Amino acid sequence: MLPTPDLSHLKRKDYEFVYEPAEDTFLFLDAFEDEVNFLKELQPTISLEIGSGSGCVTAFVGKILGESNCLKYCTDINPKAARATQGTAKQNQLSVDIIETHLVSGLLPRLEGQIDLMYFNPPYVLTPSEEVGSHSVEAAWAGGIDGREVIDEFLPYIKRLLSAKGAFYMVVVNENKPDEIREIMKNEGFDSSVVRTRLAGREKLFILKFVRTAP
Ligand SMILES: C[S@@+](CC[C@H](N)C(=O)[O-])C[C@H]1O[C@@H](n2cnc3c(N)ncnc32)[C@H](O)[C@@H]1O
């Protein structure tokens, strides 16, 4: 079992402003541990986490990839989360390029078709639409109708950003209608699988994986 990254620089007060690693984060870590062999074979040259929050997931993936030449990018809409990710990268001796932005704004067209590994633990909680799009901690969970508003805005970017061999992982809950998301992505030319599921309180969490359909 790989150790959880060192987040000791983040204090209780920081988590008033930045999403604190929770069940969904830890399910993501478990899923990436399941995927170690795939990730090592993939040998990503560029990775991207959208919504990196504390930076816990990227630090974990960084440990898996070890001394590789992978260029690691993260984005977050919340400036305090971007700073937290920066601190976590430093604390865990990783080099990560963190961009404070909405989804992947500013990365296209430069990284079009370049990303081998991409992952997103999105805001997936069902909330009124007006709550979506804040730049503070509420951005971590407010997902709007069906918890899908941010997810649906992001889906078209997967095809544009992933390289031919690339893989994309995402956390969703039952209420987000995972089968419908998989169908949308199938129509975009992606195969999907469920890497892990877990019940967390009333939520059923899924880690979905998408790769391009073999020609
Ligand atoms: C559920 S939290 C996940 C944080 C971290 N990746 C983890 O797994 O613990 C979702 C993160 O996405 C960020 N986020 C929400 N909407 C975003 C958007 N439109 N663009 C970029 N980041 C966004 C939030 O600020 C938050 O840090």
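Just so you know, all these numbers are worked out from the coordinates, no wet-lab data involved. Every value quoted in this text rests on a predicted model; they were computed, and no experiment measured them. Reconstructed Cβ throughout: ideal geometry from the backbone, glycine too, with neighbour counts over all protein chains shown.
When DSSP assigns beta bridges and you keep just the ones with both residues in segment 102-215, what percent turn out antiparallel, to the nearest 5?
Details: 17 of 23 bridges.
Around 75 percent of the beta bridges assigned by DSSP in segment 102-215 are antiparallel ones.
Share of antiparallel DSSP beta bridges in the chain, in percent to the nearest 5?
Working: 17 of 37 bridges.
Here the share of antiparallel DSSP bridges comes out near 45 percent.
Count charges around residue 196 for me, please; just the other residues with Cβ under 12 Å from its Cβ, Lys/Arg as +1, Asp/Glu as -1. Before the final figure, lay out each step's value.
Numbers: positive: 198, 204, 209; negative: 23, 24, 30, 33, 34, 35.
Cβ neighbours under 12 Å give a net charge of -3.
Restricting the calculation to alpha carbons of segment 87-205 gives Rg and Dmax of 15.2, 41 angstrom. The largest-to-smallest principal axis extents of the Cα set in segment 175-215 are 40, 17, 7 Å. Only Cα sites of segment 20-67 enter the Debye sum here, all with the same form factor; the resulting log10 I(q)/I(0) across q = 0.13, 0.25, 0.28 1/Å is -0.28, -1.00, -1.19, listed in q order.
Could you size up the charge dipole of the chain around its Cα centre, putting +1 on the beta carbon of Lys and Arg and -1 on that of Asp and Glu, and report it in debye to the nearest 20?
Rounded to the nearest 20 debye, it is 460 debye.
A protection proxy built from the mean count of other Cβ atoms within 10 Å ranks the segments 196-204, 68-76, most packed first, as 68-76, 196-204.
Could you order peptides 131-140, 42-51 by the average number of other Cβ atoms within 10 Å of their residues, highest first? Walk me through the intermediate numbers first.
Numbers: 131-140: 17.3, 42-51: 21.4.
Taking the mean over residues of other Cβ atoms within 10 Å, the ranking is 42-51, 131-140.
For the chain, the fraction of C-alpha pairs more than 28 angstrom apart is 20%. Sorted on the mean count of surrounding Cβ atoms within 10 Å across their residues, most packed first, peptides 178-191, 111-124, 28-41 read 111-124, 28-41, 178-191.
Quickly estimate the mean residue ellipticity at 222 nm for the chain, helices only: each DSSP H run with n ≥ 4 gives -39500 (n - 2.57), and the total goes over all residues, rounded to 500. Mean residue ellipticity at 222 nm (helix-derived): -9000 deg cm²/dmol. Here the gap between residue 20 and residue 45, fully extended at 0.36 nm per residue and compared with their Cα-Cα distance, gives a gain of 6.2 nm.
Remark: relative contact order (segment 1-118) = 31 percent; criterion is Cα-Cα distance under 8 angstrom and separation of 6 or more residues.
Taking all Cα pairs closer than 8 Å and separated by 6 or more residues, the relative contact order of the chain comes to 19 percent.
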